[in-house]
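Below: the structure, in C-alpha coordinates.
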Amino acid sequence: MVSVLSLKGGVGKTSVTLGLAGAAAAQKLRCVVVDLDPQGNATTVLAPDGVRFTANDVLTGDRPVAIGDALAVSGWGEPVRVLAGEPALERRNNPADGPPGRHHVRAALAGLRDADLVLIDCPPSLAELTRNALAASDTALVVTEPTAFALAGAQQALDAVDAVRSAHNLRLRPAGIVVNRFRAGAAEHRYRLDELIAAYRDLVIDPVLPERSAISRAQGAGVPVQRWPSPGAREVGRIFAGYLTLLLSASRAGAGPFSKGVSR
Ligand SMILES: Nc1ncnc2c1ncn2[C@@H]1O[C@H](COP(=O)(O)OP(=O)(O)O)[C@@H](O)[C@H]1O
Ligand SMILES: [Mg+2]
(Lines give C-alpha, C1' and ligand atoms only; values in the text may rest on other atoms or scores of the structure.)
(Ligands and ions follow the chains in the order given, each with its own letter.)
Protein backbone atom coordinates (compact mmCIF):
# COMPACT_ATOMS: atom_id res chain seq x y z
CA MET A 1 0.00 0.00 0.00
CA VAL A 2 1.49 3.28 -1.19
CA SER A 3 0.44 6.81 -0.20
CA VAL A 4 1.15 9.47 -2.84
CA LEU A 5 1.41 12.79 -1.02
CA SER A 6 2.61 16.39 -1.15
CA LEU A 7 2.37 19.57 0.84
CA LYS A 8 0.18 21.25 -1.74
CA GLY A 9 -2.06 20.68 -4.73
CA GLY A 10 -1.29 20.80 -8.42
CA VAL A 11 2.16 19.21 -8.18
CA GLY A 12 1.21 15.87 -9.73
CA LYS A 13 0.01 13.45 -7.05
CA THR A 14 -2.95 12.36 -9.13
CA SER A 15 -0.87 12.18 -12.30
CA VAL A 16 1.72 9.98 -10.59
CA THR A 17 -1.01 7.79 -9.07
CA LEU A 18 -2.66 7.36 -12.47
CA GLY A 19 0.67 6.77 -14.21
CA LEU A 20 1.48 4.00 -11.76
CA ALA A 21 -2.01 2.51 -12.08
CA GLY A 22 -1.61 2.52 -15.87
CA ALA A 23 1.78 0.84 -15.57
CA ALA A 24 0.31 -1.81 -13.27
CA ALA A 25 -2.63 -2.39 -15.61
CA ALA A 26 -0.27 -2.80 -18.58
CA GLN A 27 1.36 -5.63 -16.64
CA LYS A 28 -2.02 -7.14 -15.69
CA LEU A 29 -1.37 -6.50 -12.02
CA ARG A 30 -4.40 -6.10 -9.77
CA CYS A 31 -4.35 -2.48 -8.69
CA VAL A 32 -6.67 -0.47 -6.44
CA VAL A 33 -6.71 3.33 -6.50
CA VAL A 34 -8.04 4.84 -3.27
CA ASP A 35 -9.09 8.42 -3.97
CA LEU A 36 -8.91 10.34 -0.69
CA ASP A 37 -9.01 13.73 -2.40
CA PRO A 38 -12.38 15.49 -1.96
CA GLN A 39 -11.86 16.86 -5.48
CA GLY A 40 -11.99 13.30 -6.79
CA ASN A 41 -9.80 13.95 -9.84
CA ALA A 42 -8.46 10.40 -9.99
CA THR A 43 -12.02 9.10 -9.80
CA THR A 44 -13.06 11.35 -12.69
CA VAL A 45 -10.24 10.11 -14.92
CA LEU A 46 -10.67 6.46 -13.94
CA ALA A 47 -14.44 6.70 -14.51
CA PRO A 48 -15.40 3.68 -12.40
CA ASP A 49 -18.58 1.91 -13.36
CA GLY A 50 -21.52 1.68 -10.95
CA VAL A 51 -20.13 3.45 -7.87
CA ARG A 52 -22.49 2.78 -4.96
CA PHE A 53 -20.27 3.92 -2.10
CA THR A 54 -17.22 6.14 -1.79
CA ALA A 55 -14.12 6.36 0.39
CA ASN A 56 -16.17 8.61 2.64
CA ASP A 57 -18.71 5.84 3.29
CA VAL A 58 -15.91 3.38 4.05
CA LEU A 59 -14.40 5.80 6.58
CA THR A 60 -17.68 6.62 8.30
CA GLY A 61 -17.21 6.12 12.00
CA ASP A 62 -20.44 4.51 13.19
CA ARG A 63 -21.60 2.33 10.31
CA PRO A 64 -18.82 2.00 7.76
CA VAL A 65 -19.45 0.32 4.43
CA ALA A 66 -17.18 -2.68 3.80
CA ILE A 67 -14.44 -1.94 1.31
CA GLY A 68 -15.45 -4.87 -0.88
CA ASP A 69 -18.89 -3.31 -1.39
CA ALA A 70 -17.43 0.07 -2.32
CA LEU A 71 -14.81 -0.94 -4.90
CA ALA A 72 -15.79 -0.35 -8.52
CA VAL A 73 -14.10 -1.49 -11.72
CA SER A 74 -12.48 1.45 -13.52
CA GLY A 75 -13.16 2.48 -17.08
CA TRP A 76 -9.56 1.36 -17.75
CA GLY A 77 -10.59 -2.26 -17.31
CA GLU A 78 -10.76 -5.08 -14.82
CA PRO A 79 -7.22 -4.88 -13.33
CA VAL A 80 -7.79 -1.36 -11.95
CA ARG A 81 -10.44 -0.91 -9.29
CA VAL A 82 -11.36 2.34 -7.59
CA LEU A 83 -12.48 3.47 -4.17
CA ALA A 84 -14.10 6.70 -5.30
CA GLY A 85 -13.48 10.14 -3.82
CA GLU A 86 -16.22 12.71 -3.21
CA PRO A 87 -16.54 16.25 -1.80
CA ALA A 88 -17.85 14.97 1.57
CA LEU A 89 -14.30 13.73 2.32
CA GLU A 90 -13.37 17.34 3.03
CA ARG A 91 -15.04 17.11 6.44
CA ARG A 92 -12.72 14.28 7.41
CA ASN A 93 -9.70 16.49 6.87
CA ASN A 94 -10.69 18.60 9.84
CA PRO A 95 -10.00 17.07 13.26
CA ALA A 96 -12.70 19.27 14.80
CA ASP A 97 -15.28 17.41 12.73
CA GLY A 98 -14.23 14.09 14.13
CA PRO A 99 -11.92 12.43 11.61
CA PRO A 100 -11.74 8.67 11.55
CA GLY A 101 -9.12 7.28 13.91
CA ARG A 102 -5.89 6.29 12.23
CA HIS A 103 -6.33 2.66 13.07
CA HIS A 104 -9.85 2.78 11.70
CA VAL A 105 -8.56 3.74 8.25
CA ARG A 106 -6.01 0.98 8.40
CA ALA A 107 -8.74 -1.49 9.33
CA ALA A 108 -11.04 -0.17 6.61
CA LEU A 109 -8.36 -0.72 3.95
CA ALA A 110 -7.16 -4.04 5.33
CA GLY A 111 -9.53 -5.87 3.00
CA LEU A 112 -7.38 -4.71 0.08
CA ARG A 113 -4.52 -7.06 0.84
CA ASP A 114 -5.33 -9.29 -2.14
CA ALA A 115 -4.40 -6.53 -4.59
CA ASP A 116 -0.86 -6.45 -6.04
CA LEU A 117 -0.72 -2.70 -5.56
CA VAL A 118 -2.84 -0.22 -3.61
CA LEU A 119 -2.26 3.45 -4.43
CA ILE A 120 -3.74 6.13 -2.19
CA ASP A 121 -4.11 9.48 -3.94
CA CYS A 122 -3.96 11.91 -1.03
CA PRO A 123 -5.65 15.31 -0.76
CA PRO A 124 -3.51 18.42 -1.31
CA SER A 125 -2.39 18.90 2.29
CA LEU A 126 -0.63 17.04 5.06
CA ALA A 127 -3.72 17.17 7.28
CA GLU A 128 -5.80 14.39 8.79
CA LEU A 129 -6.70 12.41 5.67
CA THR A 130 -3.11 12.23 4.48
CA ARG A 131 -1.94 11.21 7.95
CA ASN A 132 -4.62 8.55 8.00
CA ALA A 133 -3.46 7.29 4.62
CA LEU A 134 0.13 7.16 5.89
CA ALA A 135 -0.95 5.21 8.93
CA ALA A 136 -2.34 2.54 6.60
CA SER A 137 0.58 2.44 4.14
CA ASP A 138 3.85 0.55 3.76
CA THR A 139 5.46 3.23 1.65
CA ALA A 140 5.05 6.94 0.98
CA LEU A 141 5.82 8.55 -2.34
CA VAL A 142 6.37 12.31 -2.10
CA VAL A 143 5.71 14.44 -5.19
CA THR A 144 7.16 17.88 -5.74
CA GLU A 145 7.84 20.36 -8.52
CA PRO A 146 11.36 21.74 -9.06
CA THR A 147 10.38 25.27 -7.98
CA ALA A 148 11.19 27.71 -5.21
CA PHE A 149 9.57 25.98 -2.24
CA ALA A 150 10.23 22.41 -3.36
CA LEU A 151 12.80 21.73 -0.68
CA ALA A 152 10.66 23.06 2.16
CA GLY A 153 7.59 21.26 0.80
CA ALA A 154 9.40 17.94 0.48
CA GLN A 155 10.83 18.35 3.98
CA GLN A 156 7.38 18.93 5.47
CA ALA A 157 6.02 15.88 3.66
CA LEU A 158 8.92 13.73 4.89
CA ASP A 159 8.43 15.10 8.41
CA ALA A 160 4.77 14.03 8.24
CA VAL A 161 5.89 10.56 7.16
CA ASP A 162 8.32 10.41 10.09
CA ALA A 163 5.72 11.59 12.57
CA VAL A 164 3.14 9.00 11.49
CA ARG A 165 5.81 6.33 11.36
CA SER A 166 6.94 6.81 14.94
CA ALA A 167 3.47 7.39 16.39
CA HIS A 168 1.32 4.92 14.44
CA ASN A 169 3.01 2.76 11.85
CA LEU A 170 6.56 1.47 12.18
CA ARG A 171 6.32 -0.31 8.81
CA LEU A 172 6.05 2.96 6.94
CA ARG A 173 9.03 3.97 4.75
CA PRO A 174 9.52 6.90 2.42
CA ALA A 175 9.76 5.34 -1.04
CA GLY A 176 11.24 8.46 -2.53
CA ILE A 177 10.60 11.90 -3.99
CA VAL A 178 9.23 12.23 -7.53
CA VAL A 179 10.34 15.51 -9.09
CA ASN A 180 7.54 16.30 -11.53
CA ARG A 181 7.06 18.67 -14.47
CA PHE A 182 10.79 18.92 -15.00
CA ARG A 183 11.89 21.00 -17.98
CA ALA A 184 15.47 20.21 -18.90
CA GLY A 185 15.94 23.65 -20.45
CA ALA A 186 14.88 25.56 -17.33
CA ALA A 187 17.87 26.68 -15.24
CA GLU A 188 15.61 27.12 -12.22
CA HIS A 189 14.48 23.48 -12.47
CA ARG A 190 18.05 22.21 -12.68
CA TYR A 191 18.99 24.35 -9.69
CA ARG A 192 16.07 23.11 -7.59
CA LEU A 193 16.75 19.50 -8.57
CA ASP A 194 20.39 19.85 -7.51
CA GLU A 195 19.20 21.35 -4.24
CA LEU A 196 16.88 18.36 -3.63
CA ILE A 197 19.63 15.87 -4.52
CA ALA A 198 22.06 17.63 -2.18
CA ALA A 199 19.52 17.36 0.66
CA TYR A 200 18.05 13.89 0.03
CA ARG A 201 20.39 12.17 -2.42
CA ASP A 202 19.06 8.59 -2.27
CA LEU A 203 15.45 9.65 -1.94
CA VAL A 204 15.27 11.71 -5.13
CA ILE A 205 13.99 9.28 -7.74
CA ASP A 206 15.91 8.98 -10.97
CA PRO A 207 14.75 9.76 -13.60
CA VAL A 208 12.66 12.84 -12.89
CA LEU A 209 9.21 13.10 -14.50
CA PRO A 210 9.31 15.61 -17.36
CA GLU A 211 6.64 18.12 -18.33
CA ARG A 212 4.72 16.40 -21.17
CA SER A 213 1.37 17.46 -22.55
CA ALA A 214 0.51 13.78 -23.09
CA ILE A 215 -0.05 13.50 -19.33
CA SER A 216 -2.88 16.04 -19.22
CA ARG A 217 -4.25 15.05 -22.62
CA ALA A 218 -4.58 11.39 -21.66
CA GLN A 219 -6.29 12.46 -18.42
CA GLY A 220 -8.70 14.64 -20.37
CA ALA A 221 -9.56 11.68 -22.56
CA GLY A 222 -9.90 9.37 -19.54
CA VAL A 223 -7.28 6.88 -20.72
CA PRO A 224 -3.97 5.72 -19.24
CA VAL A 225 -1.03 7.70 -20.60
CA GLN A 226 0.37 4.28 -21.57
CA ARG A 227 -2.32 4.12 -24.24
CA TRP A 228 -1.85 7.67 -25.54
CA PRO A 229 -0.27 7.73 -29.01
CA SER A 230 2.62 10.18 -28.85
CA PRO A 231 6.39 10.08 -28.28
CA GLY A 232 5.93 12.03 -25.02
CA ALA A 233 3.42 9.48 -23.79
CA ARG A 234 5.79 6.61 -24.61
CA GLU A 235 8.57 8.41 -22.77
CA VAL A 236 6.56 8.91 -19.56
CA GLY A 237 5.12 5.41 -19.98
CA ARG A 238 8.64 4.02 -19.71
CA ILE A 239 9.34 6.23 -16.71
CA PHE A 240 6.20 5.07 -14.86
CA ALA A 241 7.09 1.45 -15.62
CA GLY A 242 10.44 2.10 -13.94
CA TYR A 243 8.78 3.74 -10.93
CA LEU A 244 6.46 0.76 -10.61
CA THR A 245 9.37 -1.70 -10.64
CA LEU A 246 11.18 0.28 -7.97
CA LEU A 247 8.03 0.60 -5.87
CA LEU A 248 7.21 -3.10 -6.03
CA SER A 249 10.75 -4.12 -5.14
CA ALA A 250 10.72 -1.62 -2.28
CA SER A 251 7.54 -3.11 -0.84
CA ARG A 252 8.95 -6.62 -1.20
CA ALA A 253 12.19 -5.61 0.49
CA GLY A 254 10.01 -3.93 3.10
CA ALA A 255 12.54 -1.25 3.88
CA GLY A 256 14.60 1.64 2.76
CA PRO A 257 14.48 4.24 0.01
CA PHE A 258 14.21 2.53 -3.35
CA SER A 259 16.29 4.78 -5.54
CA LYS A 260 19.50 3.41 -4.12
CA GLY A 261 21.86 2.13 -6.73
CA VAL A 262 20.00 3.73 -9.61
CA SER A 263 22.44 5.64 -11.78
CA ARG A 264 22.08 9.36 -11.96
N1 LIG B 1 4.52 15.98 -15.92
C2 LIG B 1 3.44 16.68 -16.33
N3 LIG B 1 3.38 17.22 -17.55
C4 LIG B 1 2.30 17.92 -17.98
N5 LIG B 1 1.22 18.14 -17.20
C6 LIG B 1 1.21 17.62 -15.96
C7 LIG B 1 2.31 16.87 -15.45
N8 LIG B 1 2.02 16.49 -14.18
C9 LIG B 1 0.79 16.98 -13.91
N10 LIG B 1 0.29 17.67 -14.96
C11 LIG B 1 -1.00 18.38 -15.04
O12 LIG B 1 -1.02 19.34 -13.98
C13 LIG B 1 -2.30 19.39 -13.36
C14 LIG B 1 -2.13 19.09 -11.86
O15 LIG B 1 -1.65 17.77 -11.70
P16 LIG B 1 -2.29 16.75 -10.66
O17 LIG B 1 -1.68 15.43 -10.92
O18 LIG B 1 -3.79 16.82 -10.74
O19 LIG B 1 -1.78 17.36 -9.29
P20 LIG B 1 -2.26 17.07 -7.78
O21 LIG B 1 -2.94 15.76 -7.76
O22 LIG B 1 -1.00 17.09 -6.97
O23 LIG B 1 -3.16 18.21 -7.42
C24 LIG B 1 -3.16 18.39 -14.07
O25 LIG B 1 -3.93 19.08 -15.03
C26 LIG B 1 -2.18 17.46 -14.76
O27 LIG B 1 -2.70 16.93 -15.95
MG1 LIG C 1 -4.84 15.36 -7.09
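Ranking 58, 208 by solvent-accessible area of protein heavy atoms (1.4 Å probe, all protein chains present), from largest to smallest, gives 208, 58.
Taking all protein chains together, 200, 191 sort by accessible area into 191, 200, largest first [probe 1.4 Å]. Candidate membrane-span-like segments in the chain, meaning DSSP H helices with Cα atoms spread over at least 30 Å of their own axis and a Kyte-Doolittle mean of -0.5 or above, are 231-253, with no membrane implied.
How large a share of the accessible area of the stretch 54-95, in percent, is made up of carbon and sulfur atoms when the probe is 1.4 Å and the other protein chains stay in place? In the stretch 54-95, the share of accessible area belonging to carbon and sulfur is 48 percent.
When 113, 171, 106 are compared by accessible area at a 1.4 angstrom probe, the order from most to least is 113, 171, 106. Could you compute the net charge surrounding residue 10? Neighbours are other residues with a C-beta less than 10 Å from the C-beta of residue 10; K and R count +1, D and E count -1. After counting each charged neighbour, the total is +2. For residue 170 and residue 78, FRET efficiency with R0 = 30 Å and r from the beta-carbon atoms, rounded to 0.05? It comes to 0.30.
Quick one: with all protein chains in place, what share of the accessible area of the stretch 102-197 is carbon or sulfur, to the nearest percent (1.4 Å probe)? Whole-percent figure for carbon plus sulfur exposure: 55. When the Gaussian network model of the chain links Cα atoms closer than 10 Å, the mean-square fluctuations of 20, 172, 151 top out at 151. Counting only heavy atoms of the protein chains and using a 1.4 Å probe, residue 228 has close to 70 Å² of accessible surface. Put the Cα centre of the stretch 36-72 next to the Cα centre of the stretch 183-238 and the gap is 29 Å.
The values are calculated or read from the model by the stated rules, or taken from the named source; none is laboratory data. All of these numbers come straight from a predicted model, not from anything done at the bench. No Cβ is skipped: glycine too gets one built from the backbone with ideal geometry, and neighbour counts run over all protein chains shown. Calculation scope for accessible area: heavy atoms of the full protein, side chains included, ligands and nucleic acids excluded. Shrake-Rupley method; radii C 1.70, N 1.55, O 1.52, S 1.80 Å.
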